[in-house]
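What follows is a short report on a single structure.
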Amino acid sequence: MTFANIEYLFLLLLVIPYVVWYLMYHHRSTPALQVSSTDAFRRAPKSMRQYLLHVPFLCRIVCFVAAVLALARPQTTNNWSNKSIEGIDIMLCMDVSTSMLAEDLKPNRIEAAKQVAIEFINGRPDDNIGLTVFAGEAYTQCPMTCDHAVLLNLLNGMEVDMAQRGLIEDGTAIGMGIANAVTRLKDSKANSKVIILLTDGTNNRGQISPNTAADIAKTFGIRVYTIGVGSNGMAPYPFNVAGQIVYQNVPVEIDTEALATIAGKTDGEFYRATNTEKLHEVYQQIDKLEKTKMNVKKYSKRYEAFAMFGFIAAGALLLELLLRKTLLARLP
């Protein structure tokens, strides 16, 4: 059994001074009658009251201990299990530059990409999946994990205007994004290692070129699937003018040749997604990737166990009150 709030168990130390106090001072509060000799009482049989005299004290101790254990939130021991599953190791590599705010995909490119990625992750529960984001620089938003709840929280928490607010350098460092994802996959033992790169621009930042990054990925046996997202020609982009949002069509420049080269070098595929429906189709095609068997150790919590201790505390308290009002009742 484990405790979610184990710090409450320190309260149990208070039982020690209370027991010491009871042993030292309890007799002082007990009614007494002074007599010249106690010889007459030595052979007197003990009553039920005498046997129950210290039960209220024990009830109080039990009540306090059970209440502290309930506060510490006891939980059943985690149930571990090993099983063999089929899955692959995947790093999602997403462009978060300001151009991803264009609204040719609804509500905009980055939000559409996030929603489709969430559906993709939910559809692959047995895969190790991580997330790299990049604009003018790249970093890991979430390392590879089978705990998709954590991954989805981090993906949902990814701000759509990170580059616009200066949280990350603006630009498009495709090579840096791939290189960052490769560092997370290079030591993987899986037979299939995949990077899904999504961008809407042309590489214009970073110390590593896309071709060099593709060569590195190929060295480690990592396949890169590239997605060029955005409509052809012009796309509506929101501008903040005097506190109001004004839309203006801006040209779409996607280096499809570079993306196709990256995919070709690594035995991946290049896809073009000009709308949200096409983006769904792209992820569905990638979803048909080969799978590989891996051993995964999983655990599950059954239930909270504090209720039992709460009932014990309440029962001990009621028993003490009942004894004090009946068998152990005292006259003023």
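The values are calculated or read from the model by the stated rules, or taken from the named source; none is laboratory data. Remember, predicted model here, so these are calculated numbers, not experimental data. Please note: Cβ atoms are built from the backbone with ideal geometry, for glycine as well, and neighbour counts cover all protein chains shown.
Assess whether LEU105 counts as being outside the structural domain of LEU131 (by TED's automatic domain parsing) and at pLDDT 85 or above. Against the criterion (outside the structural domain of LEU131 (by TED's automatic domain parsing) and at pLDDT 85 or above), LEU105 does not qualify. Within region 159-169, is even one residue assigned by TED's automatic domain parsing to the domain that holds ASP267 and modelled with pLDDT of 90 or more? No, every residue in region 159-169 fails to be assigned by TED's automatic domain parsing to the domain that holds ASP267 and modelled with pLDDT of 90 or more.
Could you tell me whether region 172-185 includes any residue that is part of a loop (DSSP other than H, G, I, E, B) and among the charged types (D, E, K, R)? The answer is no, given that none of the residues of region 172-185 is part of a loop (DSSP other than H, G, I, E, B) and among the charged types (D, E, K, R). For first residues located in region 102-130 and at positive phi, partners that are modelled with pLDDT under 90 and surrounded by fewer than 19 Cβ atoms within 10 Å (Cβ to Cβ) and lie 6+ apart or on another chain with Cβ distances below 9 Å do not occur. Would you mind stating whether TYR237 is of a type in the set (Ser, Thr, Tyr) and closer than 23 Å to LEU289 by Cβ? Taking the combined requirement at face value, the residue does not satisfy it.
For region 220-268, taking the residues that are surrounded by 17 or more Cβ atoms within 10 Å (Cβ to Cβ) and charged (D, E, K, R), the one that is nearest to ASP287 (Cα to Cα) is identified as ARG223. In region 204-219, the residue that is nearest to ASP161 (Cα to Cα) out of those that are in contact with a Gly (Cβ under 7 Å, 6 or more places away or on another chain), small (Gly, Ala, Ser) and buried (at least 19 other Cβ atoms within 10 Å of the Cβ) is GLY206.
The criterion of being assigned to a helix (DSSP H, G or I) and either outside the structural domain of PRO107 (by TED's automatic domain parsing) or within 32 Å of the chain's Cα centre (by Cα) (or both) does not hold for ILE195.
Here is the figure for region 163-173: residues that are farther than 26 Å from ILE262 by Cα and surrounded by 16 or more Cβ atoms within 10 Å (Cβ to Cβ) total 1.
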